Amino acid sequence: MPNPLFLLINLYNGRIVYAAIIIYGDPMPTKISDKNMSQLILQNHPLAPLTTWKIGGAAQYLAMPRDLEEVYALMRLAYERGWPIFFLGRGSNVLIADEGLPGLTLHLARSLLKLERRGDYLRSGAGVPLPRLARFAAQEGFSGFEFLAGIPGTVGAAVRLNAGAFGRNLGDVLRRIWVVTPQLHLVELDAAALGLSYRSSLLLNFPHWLVAEAEFKLGSPAPPAEITAQMTEFLAVRQARHPANPRSCGSVFKNPQDSPTAGWLIDDLGLKGRRVGDAQVSRKHANFILNQGRATAAQVKALMAEIQERVWQAHHIALEREVVFLPEDLF
């Protein structure tokens, strides 16, 4: 029997912006046993090497599922044992605590990689890297995805944060998604129901939902060579603006509305090069914090807090972080 209706409500300043009714189906079945799943689980596995910042402690349990059925089986096992679940893609835009993560971490960078064209749409697994999505659209002869070429994340994480660049964001091309709940229900959501805005979506209120797949609208037809040339131009701009040190998370803070960018605000206070331990504000782009050796999460957080305090004192602007803190943001 299907489960009851679930009411999804988005609130803004205490007012209901929209409410969507979703009908859950029965939990997705899996033929994989708990015993087989236990063989896939590693204990006390370091997480720092799986992130772009190279920072963070170990996972109490870590698994690298190969397909959606294994994802379901692992989520079921964690649910039955009362383990919290964390999802990790390519490890960008995330800061893992020095103490590591309790429960089960699913490393999805090698799974959910299906990518195909279906008529006027592209269907992508959550683990597909954004540059690959951009290249695939170009090969099919459709523009509109070029801005994704240099973003070092996966589709699943990008949907959750509505990632973007060069004045575009994923919401511009997103049609619908499929998420898996902790109770193993597969839920389809239209893009209009996600409350997409600048580096935000309603999914941030449901951190234990896994984005499994996404469907995108194809843009305007164009010669692949022209699209590839635009992607190359975007990549050159990013390379010129961003630090060469790859050990960062990307932009640390969101750009405030109706004000200069976060990078400008930080640079205006002379904070380029400011350092706490081995965590340092980039001298090339002030909204990047680099790991210059053995930086810890505590050092990065201390540096971020100092930046936020200095910007508030000088400009009365509250910088909101873009980077996700784990495990804090899931509890």
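The values are calculated or read from the model by the stated rules, or taken from the named source; none is laboratory data. Since this is a predicted model, take the numbers as computed values, not measurements. Counting neighbours? That spans all protein chains shown, and the Cβs are built from the backbone with ideal geometry, glycine included.
Per-residue answers, yes or no, for (1) touching a residue at least 60 places away in the same chain (Cβ under 8 Å); (2) out of contact with any Ser or Thr (no Cβ under 7 Å at 6 or more places or on another chain):
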| site | (1), (2) |
| --- | --- |
| ALA73 | no, no |
| ALA97 | yes, yes |
| ARG110 | no, yes |
| GLY125 | yes, yes |
| PRO129 | no, no |
| GLY141 | yes, yes |
| PHE145 | yes, yes |
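For the range 107-157, which residues satisfy the criterion of being of a type in the set (Asp, Glu) and either surrounded by fewer than 17 Cβ atoms within 10 Å (Cβ to Cβ) or more than 30 Å from VAL252 (Cβ to Cβ) (or both)?
GLU116, ASP120, GLU140
Quick one: which helices (runs of 4 or more DSSP H) lie wholly within the range 33-139 and hold at least 2 residues that are acidic (Asp, Glu)?
68-81
Considering each of ASP278, ASP268, ASP329, ASP258 in turn, give the residue that is closer than 16 Å to LYS54 by Cβ and acidic (Asp, Glu).
Unique residue meeting the criteria: ASP278.
I'd like to know if the range 8-20 contains one or more residues that are part of a loop (DSSP other than H, G, I, E, B) and modelled with pLDDT under 85.
Checking the range 8-20: at least one residue is part of a loop (DSSP other than H, G, I, E, B) and modelled with pLDDT under 85.
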